[in-house]
Amino acid sequence: MTDRCNLRCFYCMPEEGLNWLSRTELMSYDEMLQICSLLVKMGIDKIRITGGEPFVRKDIMPFLTALSKLYGLNELTITTNGVLTAPYVKELKAIGVKSVNLSLDTLDANRFFAITSRDEFANVMATLDELLKYNIEVKINAVVMDGKNVQDIMPLVELTKNLPVSVRFIEEMPFNGDAHIYNGLKWDHVRILEEIKKHYPELKKLDDPLFSTSHNYQVAAYAGTVGIIAAYSRTFCGTCNRIRITPVGELKTCLYDGGILNIKDMIRRGDSVDMLTKTMMDAFGTRAKDGWEAEGLRPANNSVHESMATIGG
């Protein structure tokens, strides 16, 4: 939707923000709707709207409403940081949004401020309350960062005791907008799981849904579930069926690639629907075998340190 965000999470972008894209560089709502409509006709039946933070973009609800009405679209979901989302939850429910991913790295207000540089913890929790009130499925995404929020792993697991939420712990990735030096991964999916099992030996493995990026677990008798996403280790690439379109219309068949083609530019120069369809199908059919190959194919001057906000996170 946009590269802009109202938080400044240190692992995503610098405190002063990024060199924001101009409005003309961003896809318009009409262009996004045109692309989504074509993709649904090609067989895609699930669309997730992300940012930056999608709710900082003006007049988002008419676009989401139009998107929800596409024939053949079975599932419309959203990823949000929750700062501005609470007032929209009733409308989201009304247009058929059944699931929302809520980014929340800590349940401690002080650590929230330390991570995000913004005093918005109360608003995020208000969004969580509203989502549960309207029976919208909630997946809480927590990036595990050494020295920053490791002490939040157990409180977040404990959140699943009484709430029907899925808490997913995500490996930290290098998409930091060059905000800090990425020193490699200290908390990988194996270590995260071992830490949880130390405190919850009764943790049981669940069957993972088809094409799931997370390995899913549940503490016995708890209402919610726990997931671990090996986003840096990239253990799920063999079953990944996702594509990603950035705010400027760049198609990525892997989070780690440098961009395959620009659909927005094709639309603006007047390419036919047949040409758009063929070009995208060719891109889908030649995607890298995994995230490591995708990263290796990037040119030397295009490393994986762009901000996650610019590529849909």
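The values are calculated or read from the model by the stated rules, or taken from the named source; none is laboratory data. Here the structure is a predicted model, which means the values were calculated and not measured. With ideal geometry, Cβ positions are generated from the backbone for all residues, glycine too; neighbour counts draw on all protein chains shown. SASA here: full protein model, heavy atoms, side chains in, ligands and nucleic acids out. Shrake-Rupley method; radii C 1.70, N 1.55, O 1.52, S 1.80 Å.
Observations
- Segment 220-232, subset touching a residue at least 40 places away in the same chain (Cβ under 8 Å) and open to solvent by 30 Å² or more (accessible area, probe 1.4 Å), residue nearest to the chain's Cα centre (by Cα): Tyr232
- Selection count where residues are outside any helix (DSSP H, G or I), open to solvent by less than 70 Å² (accessible area, probe 1.4 Å), closer than 20 Å to Thr50 by Cα and of a type outside the set (A, V, I, L, M, F, W, C), scope segment 241-291: 11
- Unmet criterion (only one of (1) assigned to a helix (DSSP H, G or I); (2) among the polar types (S, T, N, Q); (3) touching a strand residue (DSSP E or B) at 6+ places or on another chain (Cβ under 8 Å)) for Gln151: (3)
- Inside segment 125-168, residues that are open to solvent by 10 Å² or more (accessible area, probe 1.4 Å) and at pLDDT 95 or above make up a count of 24.
- Leu185 passes every criterion in (1) aliphatic (A, V, I, L, M); (2) modelled with pLDDT of 95 or more; (3) more than 19 Å from the chain's Cα centre (by Cα) apart from (2).
- Considering segment 77-116, and only residues there that are hydroxyl-bearing (Ser, Thr, Tyr) and open to solvent by 40 Å² or more (accessible area, probe 1.4 Å), the residue that is farthest from the chain's Cα centre (by Cα) turns out to be Tyr88.
- Under the condition of being in a loop (DSSP other than H, G, I, E, B) and either open to solvent by less than 70 Å² (accessible area, probe 1.4 Å) or of a type in the set (Asp, Glu) (or both), the residues counted in segment 292-302 number 2.
- Residue selected from segment 303-313 under the condition part of a loop (DSSP other than H, G, I, E, B) and open to solvent by less than 50 Å² (accessible area, probe 1.4 Å), by the criterion nearest to Gly82 (Cα to Cα): Gly313
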